[in-house]
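Presented below is the structure to which this report refers.
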Amino acid sequence: MNREQAQKKIEKLKNLLNQYSYEYYVLDQPTIPDSEYDQLYRELEQLEEQYPEFIADDSPTQRVGDKPLDFFQKVEHKVPMLSLSNAFNEQELKDFHRRVTQGLNEEVSYVCELKIDGLAVSLTYENGKFVRGATRGDGNVGEDITMNLRTIRSIPLTIKDKETLEVRGEAFMPHSSFLKLNEERVKNGEEPFANPRNAAAGSLRQLDPKIAAERHLDIFLYAVGEWENSQLTSHSARLEKLKELGFKTNPEWRKCSTIEEVIDFVEYWSKERPNLPYEIDGIVIKVDDLRQQEKLGFTAKSPRWAIAYKFPAEEAMTVLKDIELSV
Ligand SMILES: CC(C)(CNC(=O)c1ccc(Oc2ccccc2)cc1)c1ccc2c(N)nc(N)nc2n1
């Protein structure tokens, strides 16, 4: 094969492998066996070794950087990453609903989402390319952890349109990865992580991306910071658009047109929670219409149009106890 054919073959293998990776890690619907993926991956690695000038920065071989950082750069969020006020019982959800309807004086519908117990992160894409990832930090300034986020296979290195946008989500460690990691640590005489959230935070704070890559983290995107030329008018439409662009969004979100439906959703997941493959610490309820969100505005640090219903902490202990017993 000559140089030009090699360049075309490298491009074709890269696109094919990225598509297979998207099906496996984002859709959870692989269409080829792992052995076929591995064989194509090795073919790409060999060609890139022969023709390094054709290595693309969104090649699957470029996910794990080889040199550790000395420190993390600080990053200022153009749009602040806000926190959520909390509700701890049904009455406080009804109070939230009353404040919203009084503030709007019109019909309102909500989007309910699972509150993943992980680490809030922001992902910036310029012309469709993943250029920077950062922790929430204090909401205005976070740390640049791009190298570590690149190792999360469900984060696309390029998205379908040449969009420039900044998305927010929760990076987390699934129960399966958490169990394996703690077994490993106990075997090596190290301290096991207390819970998947600490394990995810500890993994993303590693200066060596090779260590972060071994932790098999995952992510669900749930919000948008900056989004040029977006005409979308509801949060639910944004979630659908993020999914269309190739982002991993949590499939369990629901639109609720009454606070009773919201309460049903909360009650369902407070029982169903132990059957999820990841930890959640609550349910997030958001006014769906973006114009109504605008009208309700913000308090000093959180939106008036959203609230987090928090599950009682002791259940998290049962998950912990199970894990302790099993290691
Ligand atoms: C609702 C929001 C707080 C995100 N939204 C924002 O961060 C945000 C930030 C500036 C905004 O507008 C401003 C723009 C400029 C200045 C001030 C505000 C609007 C939303 C949030 C926070 C945590 C969440 C979580 N753990 N799980 C889920 N499922 N959803 C979550 N949603």
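The values are calculated or read from the model by the stated rules, or taken from the named source; none is laboratory data. Bear in mind the structure is a predicted one, so any value in this text is a computation, not a measurement. Here Cβ is always computed from backbone atoms with ideal geometry, including for glycine, and neighbour counts include all displayed protein chains. Just the protein is used for accessible areas: all its heavy atoms, side chains included, with ligands, DNA and RNA removed. Shrake-Rupley method; radii C 1.70, N 1.55, O 1.52, S 1.80 Å.
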Within the bounds of the range 37-44, is there any residue that is more than 24 Å from the chain's Cα centre (by Cα) and of a type in the set (Asp, Glu)?
yes
Qualifying position, being touching an Asp or Glu at 6+ places or on another chain (Cβ under 6 Å) and closer than 28 Å to Asp161 by Cβ, among Ser230, Ser236:
Ser236
Restricting attention to the range 239-249, does a residue exist that is within 29 Å of Glu107 (Cβ to Cβ), outside any helix (DSSP H, G or I) and within 16 Å of the ligand (Cβ to nearest atom)?
yes
When Val64 is evaluated against the numbered criteria (1) away from the ligand (no atom under 16 Å from the Cβ); (2) part of a helix (DSSP H, G or I), which criterion, by number, is the only one it fails?
(2)
Take Lys94 and tell me if it is more than 14 Å from the chain's Cα centre (by Cα) and either more than 29 Å from Ile259 (Cβ to Cβ) or crowded, with 20+ Cβ neighbours inside 10 Å (or both).
no
Inter-residue pairs, beta-carbon under 8 Å, first closer than 22 Å to Gly137 by Cα and more than 9 Å from the ligand (Cβ to nearest atom) and in the range 286-309, second open to solvent by less than 50 Å² (accessible area, probe 1.4 Å) and polar (S, T, N, Q), 6+ apart
Thr299/Ser85; Lys301/Ser83; Ile307/Ser85
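Find the residue count for the range 250-274, including only residues that are part of a helix (DSSP H, G or I) and open to solvent by 50 Å² or more (accessible area, probe 1.4 Å).
Number of matching residues: 8.
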Tally, over the range 30-77, of residues that are touching an Asp or Glu at 6+ places or on another chain (Cβ under 7 Å) and either open to solvent by 40 Å² or more (accessible area, probe 1.4 Å) or of a type in the set (D, E, K, R) (or both)
6
Does Ser203 satisfy the condition of being surrounded by fewer than 20 Cβ atoms within 10 Å (Cβ to Cβ) and away from the ligand (no atom under 14 Å from the Cβ)?
no
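Considering only the range 164-184, I want to know if a residue exists there that is among the aliphatic types (A, V, I, L, M), open to solvent by 50 Å² or more (accessible area, probe 1.4 Å), outside any loop (DSSP other than H, G, I, E, B) and closer than 30 Å to Glu11 by Cα. Spell out how you get there, then give the answer.
Initially, the range 164-184 is screened for residues among the aliphatic types (A, V, I, L, M), giving 165, 167, 171, 173, 179, 181.
Those still in the list that are open to solvent by 50 Å² or more (accessible area, probe 1.4 Å) too: 179.
Now restrict to residues that are outside any loop (DSSP other than H, G, I, E, B): 179.
Now narrow it down to the ones that are closer than 30 Å to Glu11 by Cα: none.
Among the residues of the range 164-184, not one is among the aliphatic types (A, V, I, L, M), open to solvent by 50 Å² or more (accessible area, probe 1.4 Å), outside any loop (DSSP other than H, G, I, E, B) and closer than 30 Å to Glu11 by Cα, which makes the answer no.
Given the criteria more than 26 Å from Ser176 (Cβ to Cβ) and open to solvent by 20 Å² or more (accessible area, probe 1.4 Å), does Lys295 qualify?
Spelling it out, Lys295 is indeed more than 26 Å from Ser176 (Cβ to Cβ) and open to solvent by 20 Å² or more (accessible area, probe 1.4 Å).
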Of the listed residues (Thr158, Thr101, Thr146), the one being over 28 Å from Asp208 (Cα atoms), open to solvent by 10 Å² or more (accessible area, probe 1.4 Å), away from the ligand (no atom under 16 Å from the Cβ) and β-branched (Val, Ile, Thr) is Thr101
Subset of the range 206-232 (residues that are open to solvent by 50 Å² or more (accessible area, probe 1.4 Å), modelled with pLDDT of 95 or more and within 15 Å of the ligand (Cβ to nearest atom)):
Tyr222
Yes or no: Val108 over 18 Å from the mean Cα position of the chain (by Cα) and within 16 Å of the ligand (Cβ to nearest atom)?
yes
Quick test for you: out of Pro277, Pro312, pick the one residue that is at pLDDT 95 or above and assigned to a loop (DSSP other than H, G, I, E, B).
Pro277
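Answer with yes or no whether Val108 is open to solvent by less than 60 Å² (accessible area, probe 1.4 Å), in contact with a helix residue (DSSP H, G or I) (Cβ under 9 Å, 6 or more places away or on another chain) and not in a loop (DSSP other than H, G, I, E, B).
No, not satisfied.
Is one or more of the residues making up the range 114-123 assigned to a helix (DSSP H, G or I) and of a type outside the set (D, E, K, R)?
Scanning the range 114-123 turns up no residue that is assigned to a helix (DSSP H, G or I) and of a type outside the set (D, E, K, R).
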